[in-house]
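Engineer: So that we are looking at the same thing, I have put the structure below in structure tokens.
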Amino acid sequence: MIQRRQFLGGAALAAWSATSFVPVWAQNAPNLGTPELPAPGFARQKVGDVEVIAVNDGVARRPLGEEFVRNAPLAEVKAMLASQNLSTDFIDIPFTAFVLVMGSQRVLIDTGLGEFAPPTAGKLLANLAAAGLQPADITAVLISHYHGDHINGLRKRDGSWTFPNAKVHVPAPEHAFWMDDAKMNAAPEALKGAFQGARRVFADKPADKLVLLQPGAKVLPGIASIAAFGHTPGHTLFEVTSAGQTFTYLADLTNAPTLFARNPDWAVQFDMDAEAARRVRREMLARVAAKDALVGGFHFPFPAFGRKVVAGNGYAFQPVA
């Protein structure tokens, strides 16, 4: 359970605007240029009998400051980026959801920023269409956690549901946290926007369309959930198994793999319980590397498919085409 000192001390306090449902960090800094968007904005992989489609929602560029990595000097962070031939002035943060095509089922994992996105994001529906899918085709949505870039795409600005035929499966502890009036009332003003955003999406979701899942349990046939608490109170990963092959969706286990997979003990400013996030990051990265499993991450560089391999004190991400 998140202790009050951890909750109040988390850099998530500065990550959200109290008057907006869009995270502050998703707003581009014009003087840093515009990030390049992938074209096409979708990619496919086969996992046994399941087709997994990565669907890009866009990219946000944010300045690199002292606050981004909470427990490492900025000089070390810049040195790690420079060693990978990356800019030391900014961080590009991609947003990529995944669709599982399983027989007649079309399962979307996380939803992007939707109509609440900055100019270089909110591309999920266009890229979904380019991949041959329409919102009405989605039969289920799995949500890893309630940060706005993962849930805002569920509803449009007019309040209508983006995926009208889908049941939405959410981690029970995550839902309980963000729907708790006492926690919202006690939260610092800077974090109230995150509570308001979660409630905008879920407060009046029809009961027959909202499914509370217990992290660690099976979600749907062939899909298991994995408790990975720390980034948020109920942060949950998903693993697909078919014909002896697996695909593990790592959600926000590592926001920027160039930093937090390479240095799993570093804490990104958005981890609400940094120590719990560090432990589960170490555990899960070791697990998928040992299995040579195909993985995907919401903030991984597109096409966001690849494998984790040991590199020094951490892990490198090796993309697959």
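The values are calculated or read from the model by the stated rules, or taken from the named source; none is laboratory data. Fair warning: this is a prediction, and the values are worked out from it, not measured in the lab. Virtual Cβ from ideal backbone geometry, glycine too; neighbours counted across all protein chains shown.
Engineer: Check whether at least one residue in the range 231-239 is more than 20 Å from the chain's Cα centre (by Cα) and at pLDDT 95 or above, and report yes or no.
Structural biologist: no
Engineer: Where in the range 97-201 are the helices (runs of 4 or more DSSP H), entirely inside, with at least 1 residues that are under 27 Å from T246 (Cα atoms)?
Structural biologist: 124-130, 148-151, 172-178
Engineer: Let me ask you something else. What number of residues in the range 36-71 are of a type outside the set (A, V, I, L, M), surrounded by 19 or more Cβ atoms within 10 Å (Cβ to Cβ) and not in a strand (DSSP E or B)?
Structural biologist: Counting residues in the range 36-71 that are of a type outside the set (A, V, I, L, M), surrounded by 19 or more Cβ atoms within 10 Å (Cβ to Cβ) and not in a strand (DSSP E or B) gives 3.
Engineer: Can you name every residue in the range 285-321 that is in a strand (DSSP E or B) and closer than 20 Å to A227 by Cα?
Structural biologist: Answer for the range 285-321, where residues must be in a strand (DSSP E or B) and closer than 20 Å to A227 by Cα: L294, V295, G296, K308.
Engineer: Can you go through T139, T111 and tell me which one is at pLDDT 95 or above, of a type in the set (V, I, T) and surrounded by 22 or more Cβ atoms within 10 Å (Cβ to Cβ)?
Structural biologist: T111
Engineer: Taking the range 171-195 as the region of interest, how many residues are touching a strand residue (DSSP E or B) at 6+ places or on another chain (Cβ under 9 Å) and in contact (Cβ under 8 Å) with a residue 60 or more places away in the chain?
Structural biologist: Here the count works out to 9.
Engineer: Do you know which residues across the range 112-128 are touching a helix residue (DSSP H, G or I) at 6+ places or on another chain (Cβ under 9 Å) and of a type in the set (A, V, I, L, M)?
Structural biologist: L113, A117, A121, L124, L125, L128
Engineer: Cβ-Cβ distance below 7 Å, separation of 6 or more or different chains: which pairs start in the range 207-232 with a residue that is within 18 Å of F298 (Cβ to Cβ) and end on one that is assigned to a loop (DSSP other than H, G, I, E, B) and among the hydroxyl-bearing types (S, T, Y)?
Structural biologist: T232/Y146
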